[in-house]
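The values are calculated or read from the model by the stated rules, or taken from the named source; none is laboratory data. Note that the coordinates shown come from a computational prediction; the quantities given were computed from them, not determined experimentally. Positions of Cβ are backbone-derived with ideal geometry, glycine not excepted, and every protein chain shown enters the neighbour counts. Calculation scope for accessible area: heavy atoms of the full protein, side chains included, ligands and nucleic acids excluded. Shrake-Rupley method; radii C 1.70, N 1.55, O 1.52, S 1.80 Å.
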Amino acid sequence: MKNRTIVWMLVFLFAVLVVVVVLFSPLRAAFLANPLFNGMIIGVLLVGIGVVFQQVLSLQHERVWLSGRQAGIAAFDGREPRMLAPLARMLAAREGTPRLSATVMRSLLDGIRLRLDQNRDISRYLVGLLIFLGLLGTFWGLLDTVVAAGKVIASLQVASGDVGQVLGRLRDDLQGPLGGMGTAFSSSLFGLAGALVLGFL
């Protein structure tokens, strides 16, 4: 298997898709509770998935080049590797079978690790953005809840009528605050779930 990482990522996304299909009805209701923030969260998640796949696929050329060097074959397409550029320059400058000291190898590996970490910065940022959008939607929904609850309390006038009518009106008026809670918790659900999926990838 040439690229097991891509296969495992596709298997994981398929498992997530199966869960989404099984839970489609409650997830649809949760999405419609706050379509603006939830739509942004899903959009950021899709962009993040694309970025992660692009990053993994960009390492394919590095792997092919390294395998070719191990087999004594030059890069067949004429392109030098980007991640392994210092190693390529070092090997090109030496004739015959190159021998690298442990210190030089450690320096090369540290440089590669640093470049890999820099490439992952954007995906880490997108994971944080998903959590942030979920929290922002949560506070937006809680703000709606507080405002609606304030209006309900302000409209209570027990002395002005029958207790049954007051309770019926209170029940109807509480739909607004409960809708705000749905907005808040649905954004948290989608934000944290999206961060979990993208973080795993």
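Identify the residue in segment 118-147 that is among the small types (Gly, Ala, Ser) and within 17 Å of residue 198 (Cα to Cα) and, among all such residues, is surrounded by the fewest Cβ atoms within 10 Å (Cβ to Cβ).
Initial filter on segment 118-147 (among the small types (Gly, Ala, Ser)): 123, 128, 134, 137, 141.
Next cut, within 17 Å of residue 198 (Cα to Cα) only: 123, 128, 134.
Working: 123: 18, 128: 12, 134: 24.
So, considering only residues that are among the small types (Gly, Ala, Ser) and within 17 Å of residue 198 (Cα to Cα), the one surrounded by the fewest Cβ atoms within 10 Å (Cβ to Cβ) is 128.
Results for (1) in contact with a Phe, Trp or Tyr (Cβ under 8 Å, 6 or more places away or on another chain); (2) open to solvent by 40 Å² or more (accessible area, probe 1.4 Å); (3) at pLDDT 90 or above, shown as yes or no for each residue.
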| residue | (1), (2), (3) |
| --- | --- |
| 5 | no, yes, no |
| 29 | no, yes, no |
| 35 | no, yes, no |
| 45 | no, no, yes |
| 56 | no, no, no |
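Taking residue 74 and the conditions (1) at pLDDT below 80; (2) of a type in the set (A, V, I, L, M); (3) under 24 Å from residue 123 (Cβ atoms), which numbered condition does it fall short on, given that it satisfies the others?
Here residue 74 meets the rest and fails (3).
Could you please let me know if residue 49 is open to solvent by less than 80 Å² (accessible area, probe 1.4 Å), under 19 Å from residue 141 (Cβ atoms) and modelled with pLDDT of 85 or more? Before the answer, list the steps.
On the way: open to solvent by less than 80 Å² (accessible area, probe 1.4 Å): yes; under 19 Å from residue 141 (Cβ atoms): no; modelled with pLDDT of 85 or more: yes.
So residue 49 does not fit the description; no.
Given the conditions (1) closer than 23 Å to residue 44 by Cβ; (2) at pLDDT below 80, report the number of the one that residue 129 does not fulfil.
With (1) closer than 23 Å to residue 44 by Cβ; (2) at pLDDT below 80 applied to residue 129, the lone miss is (2).
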